[in-house]
Amino acid sequence: MEDNGGDVSKVTKTIGDSTIYTTEDIESAMNTVTSYFRTTKDFQDCTLTELYYDETMSSEKSETLAEQYEAEEAILLLSSFDVGAENKHSGLDANRTYNNFKWILVRSNGGAWTLETWGY
């Protein structure tokens, strides 16, 4: 994959305690997000600063999200990132920091996480 997207080199990943997922499960979901952020033009001139898993927030929505996307499991990750002046993505404001930005991923049969949608 070509790196045509944002900068993920300084991201802080936080995995709290989870009774639902293993650390490896959450890390795998986070890796899917950072890969997307790094390779999609939507995040050019953006810097991902924080990516985290909040069990309370994720578990409140996971069953509904899994149903919505016809998957066995869903996970919600949250992030913060800075948008630079040169970002051309129409949905992001230049020179702004986005906090609590959501990433929804799903999987079935313990397979790989698939990024379904993102936003705030």
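The values are calculated or read from the model by the stated rules, or taken from the named source; none is laboratory data. Remember, predicted model here, so these are calculated numbers, not experimental data. We place every Cβ from the backbone using ideal geometry, glycine too, and count neighbours over all the protein chains shown. Side chains are part of the model used for accessible areas, which takes the heavy atoms of the whole protein and leaves out ligands, DNA and RNA. Shrake-Rupley method; radii C 1.70, N 1.55, O 1.52, S 1.80 Å.
Quick rundown of the values:
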item	result
Scan of segment 1-52 for residues that are in a helix (DSSP H, G or I), more than 13 Å from the chain's Cα centre (by Cα) and among the acidic types (Asp, Glu), ordered by number	24, 25, 42
Enumeration of residues in segment 60-83 that are surrounded by 15 or more Cβ atoms within 10 Å (Cβ to Cβ) and of a type outside the set (A, V, I, L, M)	61, 62, 69, 73, 79, 80, 81, 82
Flag for residue 94 being part of a loop (DSSP other than H, G, I, E, B), closer than 20 Å to residue 32 by Cβ and open to solvent by 20 Å² or more (accessible area, probe 1.4 Å)	no
Residues of segment 1-27 satisfying the condition of being closer than 18 Å to residue 59 by Cβ, open to solvent by 50 Å² or more (accessible area, probe 1.4 Å) and of a type in the set (Ser, Thr, Tyr)	14, 19, 22, 23
Selected residue [free of Cβ contacts under 8 Å to residues at least 40 places away in the same chain and in contact with a Leu (Cβ under 7 Å, 6 or more places away or on another chain)] from 120, 98, 53	53
Any hit, segment 65-80, residues being of a type in the set (Val, Ile, Thr) and not in a strand (DSSP E or B)	no
Lone unmet requirement of (1) of a type in the set (A, V, I, L, M, F, W, C); (2) closer than 21 Å to residue 106 by Cα; (3) surrounded by 15 or more Cβ atoms within 10 Å (Cβ to Cβ) for residue 43	(2)
Residue tally, condition surrounded by fewer than 16 Cβ atoms within 10 Å (Cβ to Cβ) and in contact with a Lys or Arg (Cβ under 7 Å, 6 or more places away or on another chain), over segment 97-120	3
Counted residues, segment 97-120 - those being assigned to a loop (DSSP other than H, G, I, E, B) and in contact with a Gly (Cβ under 7 Å, 6 or more places away or on another chain)	0
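Results for (1) of a type in the set (A, V, I, L, M); (2) touching a Gly at 6+ places or on another chain (Cβ under 6 Å), shown as yes or no for each residue.
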position: 29; (1), (2): yes, no
position: 39; (1), (2): no, yes
position: 59; (1), (2): no, no
position: 66; (1), (2): yes, no
position: 69; (1), (2): no, no
position: 73; (1), (2): no, no
